[in-house]
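Just so it is clear, none of the values below were taken in a lab; they were calculated from the coordinates. Fair warning: this is a prediction, and the values are worked out from it, not measured in the lab. No Cβ is skipped: glycine too gets one built from the backbone with ideal geometry, and neighbour counts run over all protein chains shown.
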Amino acid sequence: MRYAVLIDVDGDIMYVPENTNGFRNYPEPKIFDNLEDAAEERNKWNTGVVVEYKEKDINTSIREMTNEERLRAMHRSRMNNG
């Protein structure tokens, strides 16, 4: 199983990009082979949520966060921003 980290950036949901040196449109997501590395990356982001990453075809866009994932992201944001 592979993992990625979803983040909420001003209401837009996106995967943490492979290259965080500036955010580009449709960046390649940073993919992790194990949950521990994904969790370490998640901890760098206020709204980060670890999700299973399934290889997608070229026509598939980023999936929506589930209600549970959105609540976890909001909770993390509140904890990190005081």
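Before moving on, here are some points about what is shown:
- Each Cα pair under 8 Å and six or more residues apart adds its separation to the average, and for the stretch 2-81 the resulting relative contact order is 35 percent.
- For the stretch 1-52, the set of GluC sites (Glu not before Pro) satisfying both a DSSP loop assignment and a count of at most 13 other C-beta atoms within 10 Å is given as Glu18.
- Between Asn67 and Asn81, the modelled label-to-label distance comes to 2.3 nm, taking each label 7 Å out from Cα in the direction of the beta carbon.
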